[in-house]
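In what follows, a structure is listed as structure tokens, so that the remarks can point back to it.
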Amino acid sequence: MFFSQAGARPQMWEVSPSEHKKWVEVFKACDEDNKGYLSREDFKVAVVMLFGYKPSKIEADSVMSSVDPNTSGILLEGFLNIVRQKKEVQLYWNEIRHIFTAFDRHYRGYLTLEDFTKAFRQVAPKLPERIILEVFREVDQDSDGHVSFKDFEYAMNYGQKHHQPHTIL
């Protein structure tokens, strides 16, 4: 469990005034009839505009199920919270990808024990070899001698589920 304790932690991200303004503008643009809320379809368009992908049915269902039954859609404040969470998850995932890429010196798309050893020697030179081996084995989910990005991402997030707010990805 050593690696999960050393994993990156999601950090609170401060929304810049220009970013906040952009989100409000997208909300208003998607609320074509000035209803004061976004319908399911409006929300999908807003996500495309801000994140470049169409949300899945599961994601849209999840968001719409959290809507106050007294309103017909997502109010601005709820929309801003959803977008903030999505942005934090996106930034955190990018950070994990960056760390993995730094470890993957040969650009193979996976990490070997040698990659792990070199990386740990730089950040923790006195760490015993047996600990590095233990960490590598823990992260190598399928024991094939390679740590894929999926394995690495899992290890970085392991144990984090109870430490970060519910996010919608």
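When you look at ASN70, is it farther than 16 Å from GLU19 by Cβ and either at pLDDT below 90 or exposed (fewer than 15 other Cβ atoms within 10 Å of the Cβ) (or both), yes or no? Let's see the steps before the verdict.
On the way: farther than 16 Å from GLU19 by Cβ: yes; either at pLDDT below 90 or exposed (fewer than 15 other Cβ atoms within 10 Å of the Cβ) (or both): yes.
In short, yes.
Within the stretch 120-130, is even one residue touching a helix residue (DSSP H, G or I) at 6+ places or on another chain (Cβ under 9 Å), exposed (fewer than 15 other Cβ atoms within 10 Å of the Cβ), among the polar types (S, T, N, Q) and modelled with pLDDT under 90?
No, because not a single residue in the stretch 120-130 is touching a helix residue (DSSP H, G or I) at 6+ places or on another chain (Cβ under 9 Å), exposed (fewer than 15 other Cβ atoms within 10 Å of the Cβ), among the polar types (S, T, N, Q) and modelled with pLDDT under 90.
Are there any pairs with C-beta distances below 9 angstrom linking a residue in the stretch 32-59 that is closer than 16 Å to GLY78 by Cβ to a residue that is open to solvent by 60 Å² or more (accessible area, probe 1.4 Å) and assigned to a strand (DSSP E or B), with the two at least 6 apart or on different chains, and if so which?
Pairs that qualify, where the first residue is closer than 16 Å to GLY78 by Cβ and the partner is open to solvent by 60 Å² or more (accessible area, probe 1.4 Å) and assigned to a strand (DSSP E or B), are GLY36/LEU75; TYR37/LEU75; LEU38/LEU75.
Scan the stretch 75-105 residue by residue and report those that are under 18 Å from the mean Cα position of the chain (by Cα), open to solvent by 20 Å² or more (accessible area, probe 1.4 Å) and basic (Lys, Arg).
ARG84, LYS87, ARG97
Of all residues in the stretch 26-67 being of a type in the set (Lys, Arg), farther than 23 Å from VAL15 by Cα and more than 20 Å from the chain's Cα centre (by Cα), which is surrounded by the fewest Cβ atoms within 10 Å (Cβ to Cβ)?
LYS35
For the stretch 120-158, name all the residues that are part of a helix (DSSP H, G or I), of a type outside the set (S, T, N, Q) and under 14 Å from ILE96 (Cβ atoms). Spell out the reasoning first.
At the first step, the residues of the stretch 120-158 found to be part of a helix (DSSP H, G or I) are 120-123, 129-139, 149-157.
With of a type outside the set (S, T, N, Q) added as a condition, the list becomes 120-121, 123, 129-139, 149-156.
Correct list: VAL139, PHE149, LYS150, ASP151, PHE152, GLU153, TYR154, ALA155, MET156.
Just one of (1) without any contact (Cβ under 8 Å) to a residue 40 or more places away in the chain; (2) in contact with an Asp or Glu (Cβ under 6 Å, 6 or more places away or on another chain) trips up TYR107, so point out which.
Of the numbered conditions (1) without any contact (Cβ under 8 Å) to a residue 40 or more places away in the chain; (2) in contact with an Asp or Glu (Cβ under 6 Å, 6 or more places away or on another chain), the odd one out for TYR107 is (2).
The values are calculated or read from the model by the stated rules, or taken from the named source; none is laboratory data. Please read these numbers as outputs of a predicted model, since none were measured by experiment. No Cβ is skipped: glycine too gets one built from the backbone with ideal geometry, and neighbour counts run over all protein chains shown. Accessible surface is based on the protein model in full, side chains and every heavy atom, while ligands, DNA and RNA are left aside. Shrake-Rupley method; radii C 1.70, N 1.55, O 1.52, S 1.80 Å.
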